[in-house]
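Structure first, commentary second.
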Amino acid sequence: MKEKLEQLLLTVQKPGRYVGGEVNSIIKDLSQVEVRFAFCFPDTYEVGMSHLGMKILYGLLNAKDYCWCERVFAPWMDMEQAMREHDIPLYGLESFDPLCEFDIIGFTLQYELSFTNVLNMLDLGNIPVYSKDRKELKNLVIAGGPCVCNPEPLADFIDLFVLGEGEEVTIELTDLYRKAKAENWDKQRFLRAAAQIGGVYVPAFYEVNYHEDGTIQKIEAIEGAPQKVTKRIIQDMSDTFYPENFVVPFIDTIHDRAILELMRGCIRGCRFCQAGFIYRPLREKNPDVLCTQGKDLCESTGYEEISLSSLSTSDYSGIADLLDELIDYSEENKVNLSLPSLRIDNFSEDLLEKVKRVRKSGLTFAPEAGTQRLRDVINKNITKEDIFSSCNIAFEGGYTSVKLYFMLGLPTETMADCEGIIDLAQEIVGLYHHLNNRQKGKGVTVTVSVSTFVPKPFTPFQWFGQDSLETIVEKQMHMKDYITSKRISFKYHASKTSVLEAVFARGDRRLCDVVYRAWKKGCYFDSWDEHFYFDRWMEAMDECGLTVEFYANRHREYGEIFPWSHLDYGVSEAFLHREWLKAQEAKTTPNCREQCAGCGANRLLERKEGKCVE
Amino acid sequence: MSNEAFNPMNTAENNRLIAQMPNIRIFYSKKGRAKYISHLDITRCMQRALKRAKLPVWYTQGFNPHMYMSFALPLPLGYDSECEAMDLRMTQKMDFEEIKERFNQALPPDIRVIQVAEQVHKPQEIAKASYEVTFLCKNPQAFSTAFEEFSKVDEILVMKRTKKGTKQVNLKPEFSILGQEQGEGFVRYHILTTAGQKNFNPTLLTDAFLEQAGLADSTEVKVLRKQIFLGDGSIFQ
């Protein structure tokens, strides 16, 4: 197979994606291995290799002597075509063995538009795509990641889903598989046992009944599976497994650097943000532990950059200590520090000074909405003054461009809110021009980037119907016309992908047929604009008698049973609904450090008598 | 090489000392999976290996300091090589064998340091390179007859891409065949080409032949760079 492959590699773009052999990739002696695990990322090598979760689980699984975890990515179209023509199945990058030779095939579901790639990868690996067609225990297909909070559109294809954080449950599952394999269990027996592990959701063990109008009547557990599946969390971030090295790619990937995970969860409670709710409760990692991990990673990889990763890096309580120590290390060793996800209201001069010593690039802020009223609706909890003072600090610090992120189609949004976005950008341009010590001869650029809001499960906006495509386009066009300054650069996105995202985010398992049909029609790599075929998706929906309107645009009533109602992510439905009502009155909720809002995620904590933050 | 003591407190003096340090030339092989690493990516790959090896590499002193590193003759993607040359500078005097050992430990297995030495020639002096070109084909006898027939003519005109666009060139004076061997399912040629400022890759020749002979789809070509030479025929060091 290697020889066959070699002939193809020089005929495709970026062959470095398909050859493995990178520093820190792990090769094991097959005769010593009992469980072979294929970690599959349903997108290209460059995207998948940037993903922290894969690095953690790859290190964790390979730390077990009995298990060998390999990496598998979706081949780009030219390679796929060549592979299909020459009858080369999708293979693990470490061994070059076909996917169908692996025991466990684990996908990570990071975004809805990668669903069809899951099917395509299974098919390329000579594995039947439907769970029911895989009779044996071998080729057990599992999936984790944020989209698993509503995995129903993939329920017919995946044998079991893993809810929440994977460090513990993945090992528990693999241990169980090892035992089952040694004792020759059949697949059913394994699934029944696996369903008893906390956080494991076996979709085939849940029967879903529908009302005539298509909404769900009831979801019933069978085969002894729990009526509610609760997500897993890691109790103590400081003593959980973290890899001492990363696989270092040969080719350029999206993020090719050391990553430190400062914390999980977020104190903010922005109502549109799914990550802000499904990763609760907040758990921070000790700064000393982080420093050690950062240095270890740099030494084992040779990376020239460390990224401090979290949902809101400036909310990490040990940020000052951490930066002080890391900056010394980074200057001495010529390593850059990068701090994505800084919040606008606590972006201090002190912090900017520290970031500036490291690297000077553009600054990006995310006000998300253009007017104070709408920012209160989404509970962003920043004011215009916060935005202005951050921009002022940036301009005075020598920056001449800022980038602002917004969403369109938020609940209660009117055309006045859309105009508010442009007004805000205009005022920032003015701010720069009134600056006394601005650099001579240098103009300012304010980039306004708008995306389309997608309502997600486990957020207060899960009841909200997404704006129709026509409404979004109308808003985008109006904003474009409303701009008068050349200093404002307006960027907006084709919103058709957001429509499909909205369908899947809150879709039920009847969509499995749609996913299958669309894939058969040639839909995959849907997140890549040039390969997104909206009409084929609409055809598939039609053929299944389903509509976009029902899933994406319909407003839902409190009390409706959602496709994910049997899944528990800690935050209670009662809390989410309270937030939904407050949102409609434009009332804000203080962050978790100011006052506990009683979201319910503290129930998941074993420590501190259920208290998440000090 | 300077024997003066390195003083970490005196930057200006140190820079003067470092400036006096000779350029180090590292010869390495790049084979197997490493042949899929493009020239652009090899720079990053080497930088990270040097960092992992904790070698005291000199950084440029500009606004955005980076590791000083220079490659003699870029290798096309997909070629194997046993004679790649990379130049860099150290901030401290170091034993060449130790550099080789530490660097090899940090490098991916398909890139191996062969020799570490002081730079002798300037990369601009490079004039020729030799390659081993292997054709995997069904009928080696017929193949070699056809290839030799092809290379005998006075003029082999092909289109060559350059920075200024595509233009027609005659390959004939840029190549010479040094030797040939044959075996079960392959023919191998030792080819010397013009290299350096004016550079010709063997692929130009093999592509032109395979296309003319209608063998492009049925033949696999493997190229191994063997040696780099100066104008007078001596080996680049």
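The values are calculated or read from the model by the stated rules, or taken from the named source; none is laboratory data. Only a predicted model underlies this, so the values are computations on that prediction, with no experimental measurement involved. All Cβ positions, even for glycine, are placed from backbone atoms using ideal geometry, and neighbour counts span all protein chains on display. Areas reflect the complete protein model, heavy atoms only, side chains present, ligands, DNA and RNA absent. Shrake-Rupley method; radii C 1.70, N 1.55, O 1.52, S 1.80 Å.
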Report summary line: Hydrodynamic calc, the stretch A:492-614: Kirkwood Rh from Cα pairs, then Stokes-Einstein at 4 °C with viscosity 1.567 mPa s, so D in µm² s⁻¹ is 74
Requested in this report: Evaluate E = 1/(1 + (r/R0)^6) for A:E299 and B:L157, where r is the Cβ-Cβ distance and R0 equals 56 Å; express this FRET efficiency to the nearest 0.05.
Outcome: 0.55
Query - Cut-off 16 Å, label 7 Å out along Cα→Cβ of B:N199, residues of the stretch B:109-151 by amide N - result: B:122-131
Query - Accessible surface, per residue, of the protein assembly as shown when the full set of protein chains is kept, probe 1.4 Å, Å² - result: 42
Report summary line: Once A:A494 and A:M77 are pulled to full extension, the length gained, defined as 0.36 nm per residue separation minus their Cα-Cα distance, is 147.9 nm
Query raised in the report: What accessible area, in Å² to the nearest ten, does a 1.4 Å probe give for A:K132?
Result: 130
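How large is the dipole of the stretch B:124-230 about the Cα centre if only Lys and Arg carry +1 and Asp and Glu carry -1, each at its Cβ, rounded to the nearest 20 debye?
Numbers: 14 positive and 13 negative charges, 121 e Å.
Using only the charged Cβ atoms, the result is roughly 580 debye.
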Query raised in the report: So what's the angle, to the nearest 10 degrees on a 0 to 90 scale, between helix A:573-584 and the longest Cα principal axis of chain A?
Result: 30
Query raised in the report: Taking a spot 7 Å from the Cα of A:T215 along the direction of its beta carbon, which residues of the stretch A:535-573 have an amide N less than 15 Å from it?
Result: A:550-565
Query raised in the report: What part of the accessible area of the protein assembly as shown, given as a whole %, is carbon or sulfur when the probe is 1.4 angstrom?
Result: 48
**Report entry** Most fluctuating residue given options B:Y36, B:Y28, B:Y79, as computed from a GNM of chain B linking Cα atoms under 10 Å
**Finding:** B:Y36
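For B:D87 and B:K172, what is the calculated FRET efficiency with R₀ set at 25 Å and r taken between the beta-carbons, to the nearest 0.05?
So the FRET efficiency works out to roughly 0.15.
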Query raised in the report: Do any of A:K520/B:K35; A:K132/A:K520; A:K4/A:K496 go past 29 Å between their Cα atoms, and which?
Result: A:K520/B:K35; A:K4/A:K496
Query raised in the report: Non-local amide H neighbours of A:I105 (under 5 Å, H modeled in plane, Pro and chain starts lacking H): which ones?
Result: A:A38, A:L140, A:V141, A:I142
Query raised in the report: How many percent of all Cα-Cα pairs in the protein assembly as shown sit more than 48 Å apart?
Result: 30
Query - Spacing of the two label points (7 Å from each Cα toward its C-beta) at B:T219 and A:N333, in nm - result: 5.1
Query - Interface size A-B, as summed buried accessible area [1.4 Å probe, Å², nearest 100] - result: 2100
Report task. Using protein chains only (no ligands, no nucleic acids) and a 1.4 Å probe, work out which residues of the stretch A:238-276 have their accessible area cut by at least 30 Å² relative to the chain alone. Result -> A:F250, A:D252
Query - Dimensions (Å) - the stretch B:11-119, Cα atoms, principal axes, largest first - result: 44, 31, 23
**Report entry** Max mean-square fluctuation residue, GNM over chain B, Cα-Cα springs under 10 Å, options B:P173, B:P56, B:P123
**Finding:** B:P173
Report task. Amide H neighbours of A:C69 under 5 Å, at least 5 residues apart or on other chains, H built in the peptide plane: list them. Result -> A:F37, A:N62
Requested in this report: Percent of Cα-Cα pairs per 5 Å bin, from 0 to the last occupied bin, for the stretch B:124-230, please list those.
Outcome: 2, 11, 23, 24, 20, 12, 5, 2, 0
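Provide the FRET efficiency to the nearest 0.05 for the B:N139-A:H255 pair, computing r from the beta carbons and using R0 = 45 Å.
Calculated transfer efficiency: 0.35.
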**Report entry** Contour excess over end-to-end distance, with Cα ends at B:Q105 and B:H39 and 0.36 nm allotted per residue
**Finding:** 21.6 nm
Requested in this report: Would you mind calculating the gained length between A:E101 and A:K228 on full extension (0.36 nm times residue separation, minus the Cα-Cα distance), in nm to one decimal?
Outcome: 42.4 nm
